[in-house]
1. Mind putting a number on the dipole of region 137-309 about its Cα centre? Charges go on the C-beta only, +1 for Lys and Arg and -1 for Asp and Glu, and I need it in Debye to the nearest 20.
2. Normalising by the residue count of region 137-309, find the relative contact order in percent from Cα pairs under 8 Å and 6+ residues apart.
3. Between region 50-129 and region 225-289, how many Å separate their Cα centres?
4. Hey, what number do you get for the chain at 222 nm if only DSSP H runs of n ≥ 4 count, each worth -39500 (n - 2.57), divided across all residues, to the nearest 500?
5. Report, in debye and to the nearest 20, how large the dipole of the chain comes out about its Cα centre when Lys and Arg carry +1 and Asp and Glu carry -1 on their Cβ.
6. Full extension from Arg266 to Thr306: what is 0.36 nm times the residue separation minus their Cα-Cα distance, to one decimal in nm?
7. Please compute the length gained on full extension between Phe206 and Ser254, using 0.36 nm multiplied by the number of residues separating them and subtracting their Cα-Cα distance.
8. Could you compute the FRET efficiency for Arg34 and Ser57, with r as their C-beta to C-beta distance and R0 at 25 Å, rounded to 0.05?
Amino acid sequence: MHGLLTDLYELTMSAGYFQAGKAGEVATFDLSIRKLPRGRGFVLAAGLAQVVDYLLSLSFTGEDIGYLRGLSQFAQAPAGFFERLREVRFTGDLLAVPEGTALFAGEPVLTVRAPLMEAQIPETYLLSTVAFQTLVATKAARIVEVAAGRGVVEFGTRRAHSPAAGVLAARAAYVGGCLGTSNTLAGQRFGIPVYGTAAHSWVLSFTDEMESFRQLQKLLGPATIYLIDTYDTLEGARRAASLGQPMWGVRLDSGDLAELSRGVRRILDEAGLEEAKIMASGDLNEYKIRELVDAEAPINAFGVGTELVTSADAPVLGAVYKLVELEADGHKRYTAKFSEDKVTLPGAKQIFRYPDHDVIACASEQAPAEALLRPVILGGKLVNHLPDARQARAHAAESVRRLPEACRRLEDAEPYPVTHSAALLALLEQARRRGC
């Protein structure tokens, strides 16, 4: 992975560590959720696969090092730093919660323990990929829940903040419970089911709507989904119905979706196409879908794009990557921040999940509960098989199912009970007294 895909200060600090003789000290960092996004009672952890890919491939090329040497910020950096950078590989440990695990404010998503430079440089990439995918997976889970058994397909790459973001958003949305994606690269790369219909340009490219439908059916057969609102939605439904089987169904992309879906359903049923389905799309989100479900609109599936891949109502996740331990010459020092509203807890941690609450504890503690942070990389080597996207999706569904209904609400979600062990609080007080 390109070593320069990080913020400059990660590298200037690394140069400083080297110059001060600290590069070999072993650091422990927590990546945790400082606070939940607006309106959320939980988040679904996602992005671990990309974290692992990054750490196991972290390196700097000669070209990278040549670029850094030319920056004014490194004018006084010792020559040995650049030689050390050429040799950088991740040789440390990574512990993380499984992808698809529901988490709450203050809980670590992952822990990195490695020589100080190796632990510092990944901060930017890890925060970016975990925060983004966690936001999208969480948004997907909310949408899937209110869809109440109706399928949800991710349609958002064209509205994502970049093509690369679209691929990862497709993956995260699938982990969060979507049936699949319209993004074919995500389908190939992650084994996600792919879905597609046709655009208005397809219909407009023919001299009449009926011919466009006929040609689409000829191409796609039982996978045919007619987009019927280019001109007149109900007339489009009649034309599609007149072609009979094979077809999957039709898609509505505009207008009063509840009322139109009822009219389209009648047309399909009267034509003997009771098995044909109706998909709705067009700037949908969890609130609009809830309204359609509550109205008993006969819609079988939803295509959701912009609002999903950007997590539009809550596009920022308060994730932080903080130094919590530093070990040098056999001595361990626990570190914590005490700045207002940004207090951090010292020491490596574990999350213990009981049936009705979580406890954040010291990593050395034991408890009669499920320990969520598990070894993934030890000594720079992958030690546990990573679940694929399909397995992460199944885990996410179970994780959300186990949450109280009050925690899953779209509005006024109640916080899940999370406490801290006595040992962790004692460690915090110890760090406070030492002024660390």
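1. Working: 18 positive and 21 negative charges, 142 e Å.
In debye, rounded to 20, region 137-309 gives about 680.
2. Here the relative contact order equals 26 percent.
3. Comparing the Cα centres of region 50-129 and region 225-289, I get a distance of 50 Å.
4. -11500 deg cm²/dmol
5. Values: 46 positive and 52 negative charges, 184 e Å.
Result for the chain is approximately 880 debye, rounded to the nearest 20.
6. In short, 11.4 nm is gained.
7. Working it through step by step, the gained length comes to 15.2 nm.
8. Values: r = 28 Å, r/R0 = 1.13.
According to the calculation, E is roughly 0.30.
The numbers here are math on the coordinates, done by the rules we state, and not lab data. Note that the structure is predicted; figures quoted are calculated from it, not measured. Every residue, glycine among them, receives a Cβ derived from its backbone with ideal geometry; neighbour counts consider all protein chains shown.
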